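Notes follow once the structure below has been shown.
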Amino acid sequence: MSDAPSTAAPGTDAPGANALVTTAWLAAQLGAPGTHVIECSSSRLDEYAAAHIPGAAAIDWLRDLVERDDESSGLVIDAQRFAALASRLGIRPNDTLIFYGDMGGRHAARALWTFEYYGHPGDLHLMDGGREAWSREGRPMDAAAAAIEPSDYPVPRHTNDAIRAIRATRDDVAAALADPAFVPLDTRTRDEYVGEDIRAARGGRIPGATHVFWKDNVAEDATLKSIDELAEMYKNVPKNAPVATYCQLGMRAAHTWFVLRHVLGYSNAATYDGSWQEWGNDPDTQIEAETAP
């Protein structure tokens, strides 16, 4: 891909429509006024403490992005916690944010999704390839914690639910099951999907769910696959269909949501952040399961 932000999704109306950027593009933005580089990795803060992109701040995905920090919920933080997080990171409403992580960027994608959900007005970007690409290219790393002057980010008065819904709740999904056009998109492993790997009170999947493993979005070098490859992977998901991606805690699902919405231009793609942790533990929700072939 070119060094400029990707223009793969020209039809999307989401903020930061040119959301996928390269390592070279990010390198050119380091130190730019009103621009924040933010790491959100699977190791939480361990890798960040050892070395990170110079000037980058850090988000601990478990502490900062979900309702509870014990992996018992994938639900998004409330508006007050969101504003407190943005303030701690020194972010102001019109600032540009560039997220990166590791392991394909699933946690970084969830961080971006959170800021988009709360309607952050500034541009939102995800760096393709993450830490792996940056390091492989020999770009500078720094162990010093970023010097951050806290801001006073306002508590959002509304979310994108009212504008372009990018979040689906349990009730939204349950109601949508009656719509033949609705696509629950399971981004977990095949074993989780068929109900052999059980990570909640019940195993299985949301009825009618299509399965595309989130990691298949990513090439061996940790960058996203080509647009043609991704389009082929999701050819059975109609472009205009209402889609709700889900996994266990809403991290893998957020990565697939990013690919659908910001790379392939699926304007009706949302993430069900409660995901299987909520659905599989609720005795009143419908499930499907099968024996793996």
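The values are calculated or read from the model by the stated rules, or taken from the named source; none is laboratory data. Here the structure is a predicted model, which is why all the values come from computation and not from measurement. When we count neighbours, we look across all protein chains shown, and the Cβ atoms used for this are built from the backbone with ideal geometry, even at glycine.
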Subject >> Selection status of R139, surrounded by 19 or more Cβ atoms within 10 Å (Cβ to Cβ) and basic (K, R) >> reply: no
Subject >> Single unsatisfied condition, A147 versus (1) of a type in the set (A, V, I, L, M, F, W, C); (2) within 19 Å of D60 (Cβ to Cβ); (3) surrounded by 13 or more Cβ atoms within 10 Å (Cβ to Cβ) >> reply: (3)
Subject >> A109, sole failed condition from (1) under 16 Å from the mean Cα position of the chain (by Cα); (2) over 17 Å from S43 (Cβ atoms); (3) modelled with pLDDT of 95 or more >> reply: (2)
Original post:
Would you call R92 touching a residue at least 12 places away in the same chain (Cβ under 8 Å), assigned to a loop (DSSP other than H, G, I, E, B), within 25 Å of A165 (Cα to Cα) and of a type in the set (K, R)?
Top reply: yes
**OP:** Please give the number of the condition G138 fails out of (1) on the phi > 0 side of the Ramachandran plot; (2) in contact (Cβ under 8 Å) with a residue 60 or more places away in the chain.
**Re:** (2)
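Residues are listed down the side, and each one gets a yes or a no for (1) in contact with a helix residue (DSSP H, G or I) (Cβ under 9 Å, 6 or more places away or on another chain); (2) crowded, with 21+ Cβ neighbours inside 10 Å; (3) assigned by TED's automatic domain parsing to the domain that holds S73; (4) of a type in the set (S, T, N, Q):
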| site | (1), (2), (3), (4) |
| --- | --- |
| A175 | no, no, no, no |
| F213 | yes, no, no, no |
| M251 | yes, yes, no, no |
| H255 | yes, yes, no, no |
Original post:
Which residues, taken from the stretch 37-59, are surrounded by 17 or more Cβ atoms within 10 Å (Cβ to Cβ) and of a type in the set (D, E, K, R)?
Top reply: E39, R44
**OP:** Quickly run through the stretch 34-50 and pick out the residues that are more than 20 Å from P150 (Cβ to Cβ), modelled with pLDDT of 95 or more and part of a loop (DSSP other than H, G, I, E, B).
**Re:** S42
Original post:
Which ones in the stretch 203-256 are part of a strand (DSSP E or B) and not hydroxyl-bearing (S, T, Y)?
Top reply: R205, H211, V218, L224, V243, A244
Original post:
Does the stretch 68-80 hold any residues that are surrounded by fewer than 16 Cβ atoms within 10 Å (Cβ to Cβ) and either free of Cβ contacts under 8 Å to residues at least 12 places away in the same chain or in a loop (DSSP other than H, G, I, E, B) (or both), and which are they?
Top reply: R68, D69, D70, E71, S72, D78
Original post:
Given the structure, is I206 touching a residue at least 40 places away in the same chain (Cβ under 8 Å) and under 27 Å from L20 (Cα atoms)?
Top reply: no
**OP:** From the list L26, L97, L62, pick out the single residue that is assigned by TED's automatic domain parsing to the domain that holds E149, at pLDDT 95 or above, under 24 Å from V259 (Cβ atoms) and in a strand (DSSP E or B).
**Re:** L97
**OP:** Output the number of residues of the stretch 213-223 satisfying the condition of being under 19 Å from G280 (Cβ atoms) and without any contact (Cβ under 8 Å) to a residue 60 or more places away in the chain.
**Re:** 1
